[in-house]
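Take a look at the structure below.
The values are calculated or read from the model by the stated rules, or taken from the named source; none is laboratory data. All values reported here derive from a predicted model rather than from experimental measurement. Neighbour counts run over all protein chains shown; Cβ positions are idealised from the backbone, glycine included.
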Amino acid sequence: MRQWVIRAGASSLDDMALRDVPEPQAGPGEVLVRVRACSLNFRDQIIPQGLYMGGTVAVDTVPLSDGAGEVVAVGDGVTLVNPGDRVAGTFFQNWLDGPPNPAAGPALGAPPAAGMLQDLVVLPEHGVVPLAESLSFEEAACLPCAGVTAWNALMEGPHPVRAGESVLVLGTGGVSLLALQIAKAAGAKVIATSSSDEKLERVKALGADEIINYREVPEWGAAAAKLAGGGVDHVVEVGGAGTLAQSIAAVGFNGEIALIGVLTREGNTNPHGLMFKGGSIRGIFVGSRGMASRLHCFIDAHGIKPVIDRTFGIEQALDAYRYQSSSALFGKVVITL
């Protein structure tokens, strides 16, 4: 079968290779999944560069946390799924539900867990989740990391988004667009930012109520607060250190910033501005199997379709990586198998 690997000691995409390996078999408590589609996240760019948590990969590693396909075989004792079921892998293999905990286990696509960019993958039965019936494999492959992250940010905290509240999303990557779609389905008002007027028109077509070009409006946090009537209820903060100060300016009284981003590493991260508003920052690192399951149910109930920018074949995986890191990106990049 076909399998992409990040070679041990990798420092760039040039250290990735497509190879042919024997097909794996499901053992007790495991399922064998034929992968039909995968999607890319920012995390997947920095792992082969040796910049992810843990540094350079020490062993050959199959990349990508996000993949969907069908179960082709199950091992002894498996009761949660059956051959023929359509499933996606879960980002954390041992985080079944509940709040973050130190036993979440390995995350797919980085040592010690192999990833999804291969024809067949063996996962524990609790490491997969049934797909929304309304989604294709390509659409479902967009959800394990970006989708669950957006869902956790908006719906799993102490104050889930409610109809009539306001949500600020930054940029037009996978997490932000999925957050926009979830927020609109929940009845919220969505404010979106981008440096591209063309992309801002596209997010308006997806349902954004207000848009801000952050290059033209440097103090976009204050502008977002004004558009929200004094302050934003929920900020989906994907930018990181370089945007956090503006997100603090945007958030309203008793509002929450869901802190996700690592896209920018330098900037003002002083949280003092939250004190005056009773605001909070909640750290988000993807989510649990339970969150993934609730997301898929929500998607079926509301007819949400993840935004797929471009699709590549498995042989063109490196082209997919390069496109995903470009400024042209709008939504998700998918690799089909």
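Would you check which residues across segment 111-139 are touching a Ser or Thr at 6+ places or on another chain (Cβ under 9 Å) and at pLDDT 95 or above and list them? Within segment 111-139, Gly115, Met116, Leu123, Glu125, His126, Gly127, Val128, Val129, Pro130, Phe137, Glu138 meet the criteria.
Whenever a residue of segment 193-216 is of a type in the set (Phe, Trp, Tyr), its partners that are part of a loop (DSSP other than H, G, I, E, B) and surrounded by fewer than 20 Cβ atoms within 10 Å (Cβ to Cβ), lying with C-beta atoms within less than 7 angstrom and at least six residues away or across chains, give the pairs Tyr214/Ser195. Taking every residue in segment 28-47 that is part of a loop (DSSP other than H, G, I, E, B) and pairing it with any residue that is surrounded by fewer than 18 Cβ atoms within 10 Å (Cβ to Cβ), at least 6 positions away or on another chain, the pairs with Cβ-Cβ distances below 8 Å are Pro28/Gly75; Pro28/Asp76; Pro28/Gly77; Gly29/Gly75; Gly29/Asp76; Gly29/Gly77. The numbered conditions (1) under 23 Å from Val217 (Cβ atoms); (2) among the polar types (S, T, N, Q); (3) outside the structural domain of Met53 (by TED's automatic domain parsing) are all true for Ser327 except (3).
For segment 26-37, the condition holds for at least one residue, the condition being that it is among the aliphatic types (A, V, I, L, M) and in contact with a helix residue (DSSP H, G or I) (Cβ under 8 Å, 6 or more places away or on another chain). Looking only at segment 262-269, decide whether some residue is hydrophobic (A, V, I, L, M, F, W, C) and under 26 Å from Gly98 (Cβ atoms). Within segment 262-269 (the criterion being hydrophobic (A, V, I, L, M, F, W, C) and under 26 Å from Gly98 (Cβ atoms)), the answer is yes, since at least one residue qualifies.
For the condition within 30 Å of Leu337 (Cβ to Cβ), polar (S, T, N, Q) and within 15 Å of the chain's Cα centre (by Cα), Ser326 does not qualify. Scanning segment 232-242 for residues that are free of Cβ contacts under 8 Å to residues at least 60 places away in the same chain and out of contact with any Leu (no Cβ under 7 Å at 6 or more places or on another chain) turns up Ala241, Gly242. Where strands (runs of 3 or more DSSP E) sit wholly within segment 64-168, those with at least 2 residues that are of a type in the set (Gly, Ala, Ser) occupy 66-74, 86-89.
Of Val235, Val251, Val217, all but one fail to be closer than 22 Å to Asn41 by Cβ and not aromatic (Phe, Trp, Tyr); the exception is Val235. The listed residues are Gly75, Gly50, Gly105, Gly67, and the only one of them that is under 17 Å from Val122 (Cβ atoms) and modelled with pLDDT under 95 turns out to be Gly105.
Checking each residue in segment 308-331 for being closer than 30 Å to Leu96 by Cβ and surrounded by fewer than 20 Cβ atoms within 10 Å (Cβ to Cβ) picks out only Ile308.
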